[in-house]
1. Quick check: Cα centre of region 594-672 to Cα centre of region 332-355, how many Å?
2. Please report the spacing between the Cα centers of region 382-433 and region 502-540 in Å, no decimals.
3. Rounded, prolate or oblate: which one fits region 265-326, using the alpha carbon gyration tensor with axes a ≥ b ≥ c (rounded when a/c is under 1.5, else prolate when a/b beats b/c, else oblate)?
4. Given the DSSP H assignment, sum -39500 (n - 2.57) over each helix run of at least 4 residues in the chain and divide by its residue total; what's the result at 222 nm in deg cm²/dmol, nearest 500?
5. What order do you get for 380, 518, 629 when you list them from fewest to most C-beta neighbours inside 10 Å?
6. Could you rank the peptides 301-307, 72-78 by their average count of other C-beta atoms within 10 Å per residue, with the highest value first?
7. Tell me, in nm to one decimal, what length is gained between residue 692 and residue 487 on full extension, where the rule is 0.36 nm per residue of separation less the Cα-Cα distance?
8. How would you rank 413, 267, going from fewest to most other Cβ atoms within 10 Å of each one's own Cβ?
Ligand code: BGC
C-alpha cells in the first residue's frame, strides 16, 4: 500500500515536471548564476544597505559581494560608480538594484497618492507613474518603494497621505495603474520595479498611531486589506515590502501565514520580498524574536528575501546554514527571487546610465503638464455658493500660510523634487491677474498662533474677493506624523473667521495631507476647494479651477469626519444589529431624562451618525442627474455578468466630468456584509445639457467574498445596487443571485 502510494506520487511528479512550463530564459540565467555562487555571495545578494556620502565608504562591502541592493543614492555619477564596482570588481559581476522612495514623482512632483486617488482616474495615474519612472530611471533608480496600498480608515494616521484611502476597490485600481506605470507595459530601460507595501494591515494601526499594533481578523484581512495587494500582484508587481505592524501579535516580517501561505502559496508571487527599514530587527522590540539571529531566521522562514538595514541576513545566515539551522535551499529560493528581478530589468545588459542625458528629462514640459492635469483632477470642490468660478476683473486678496509655500505644497516623501520648481497659487495668480492681486499672508506658516489679523482684515475690506490658502505643512503628515487633533492647526480657523466677518466672499483653498475636520471652517467661507498636497504644479492647477478654466471633478477617496472623535468612520462598514435610525441628539435630551433602552442605536449623542462628507463626494461647477438605472435581468447565476444601464445628464450650463460610482450591498451573508461596497467607477465628461446612456458590465464574480467557511465565493441571495455620484446618494435597484 505504502509503495503504491509512493509510486503514484513519483509518477505524478515526473509527469508534472515534463508537462510543466519550460524553464524561461530568465530562470536559466538565474539558475546558471546561482550554480556558480558561494554561500557568502548568495547571502550578500540578500542584503540591502542605505548609502550616502563618499562611494569609498561602501565600495569595500560591494566589492566583497556583501550587497545586493542600495538605497538613498540619486547622484547618477555615484550610481554608475557603485554599479561599476559591482559589475567589474566582483567575481560574478552581478549588478546592484538601486532603490529609492519615488512615491509621487521624482523631480516633477505630483499630488500625494491620496490626491491621485481623488482623481478616480487610473489612466492618468498610470501616466503619472510612468513620468516618475522616466525621470528616476534616467538617474539610475530601477526600484521604487511604491505604491503604498495600505487601506486607511483613520485620518489620524499620518501615512493616510501615501495611500489611496479607505476603499479596497479604488485602492486596487490605483495599485494596478501605478504598477503598470512604474514598470511600463513592456520592459525597457525606463522600467522601474514597483514595490507594493506595506504587507499587510499597517494602515489599521491602533488609534492611528504610526507603527502601532493591528487587530485584523482573517475575513476582514481577506475582504478589505488584501485585495489591493492581490490586484497588484496580478498586474505584475515585481516586489513587495513587509510592514512594521504586528497583527494579532505576529509582526509582518515574521508572518508565515501572510507571506508564505497567502502571497507565495495562494497568489503564486515569484517576485522579491524585502523587509521595511529594520523591520527584521524590530521583531526583537516586538518581543517576537530573541535576538538578531532569531529575527533573521524568522524572517527567512516567513518568506522574506532581502533585509533592509537590519544586517540580520548578512550577519547570521552563513553560520546558521553551517550549523544546519537553516537550509541552503531556503537561501537559494530567496536569491532566485532577487536575481530574477535584476535579469528582468535588463541590469546585466545595461548596468550604467548616461549621465549627460539624465538631467535633460527632469521637469520636461510634458511632465509638468501631467503634474498640472493630475493636480486639477485631484482637487475636490466641497462647497460653493456661486462665488466660484471667479468673475473677471475682481480685486483679489490672497492670504494664508499655503498661498506661497513652495516646499509645503509638495507634500510628504519629497526627497528629490526641488521647491525652486514649484509654482505656488500666489505666483500663478499674479501671472494670471497682473495688477489685481494683493498678498497679505496673515499667517506665514500653518502652525503659527496669532491673535490679531487687523492688517489682513483691512486688506480684505479693500478687495472684491478673498482667497485664503490654508491647510497643513507637508511635515505634519506622512510617516511617524500622526495627529490627535485634525482641526486646522494654529490660528487658521480664526483667520478665516475674521475674513468672513468683513462680509466679503471668502474662498478657502485647503492643501493638506489628510482629510482634516473642517466643519466650522466650511461655515466661514463661501466656497471651499480641497487639495491634498498638490505638488509642483499645484498653483496653476488651483488657479485654473478657481477661474473655471478647469471644472472640479475630484471626489473624496476617504470619508471626511465632522470631528476626530468619530474616527474610524468609513462608508463600507457593517450594518450592525442596531443601525442608526435618527434618534435624539444631546441637544434634544430633556433635563433629568430617564434612562431607557428604547430606540437605542449606533451613533454619537453629540455628533450623530454621519460624517461631514461621505466617500466619493465632490461638487462641480455644473450639475449631474442620474436616471433610468436598470439591470438586464433580475436573477443571475454566479458565472453571469450583470448588465447595468443608466442615464447621466449634465443639467448645468458648462461642460463637466462626473465620476459615476456603482455600489452593491449583499443583504444576507454567512457573515455580516458591508452596507455598501464600491464595485465600479468611471469618469464621464458631458457638455452642458448633454445626456448619455451608459452601460456597465459587472461580473457576478466581483461580488465574491471570504465568508464563514474561509473560502471566497459569491453567496446566493438578494442584493441591492446603486449608481450615484457618491456613496451616500441614490436609490437602490434589487437583484438576486441563485
Ligand atoms: C518606510 C518605507 C520606506 C523605507 C525606505 C521606511 O521607514 O516605512 O515605506 O520605503 O523606509 O525609505
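1. What the calculation gives is 47 Å, centre to centre.
2. When both Cα centres are located, 10 Å separates them.
3. Oblate, since a/c reaches 1.5 and b/c is not below a/b.
4. Taken over the chain, the calculation gives -8500 deg cm²/dmol.
5. Neighbour counts put them in this order, fewest first: 629, 380, 518.
6. Answer by packing, highest mean first, reads 301-307, 72-78.
7. Values: separation 205, 0.36 × 205 = 73.80 nm, distance 4.05 nm.
Separation in residues times 0.36 nm, less the Cα-Cα distance, equals 69.7 nm.
8. 267, 413
All of the numbers you see were taken from the coordinates with simple rules; none came from a lab. It should be emphasised that the depicted structure is a prediction, and the values quoted were computed from it without experimental measurement. Using ideal geometry, Cβ is built from the backbone for each residue, glycine included, and neighbour counts are taken over all protein chains shown.
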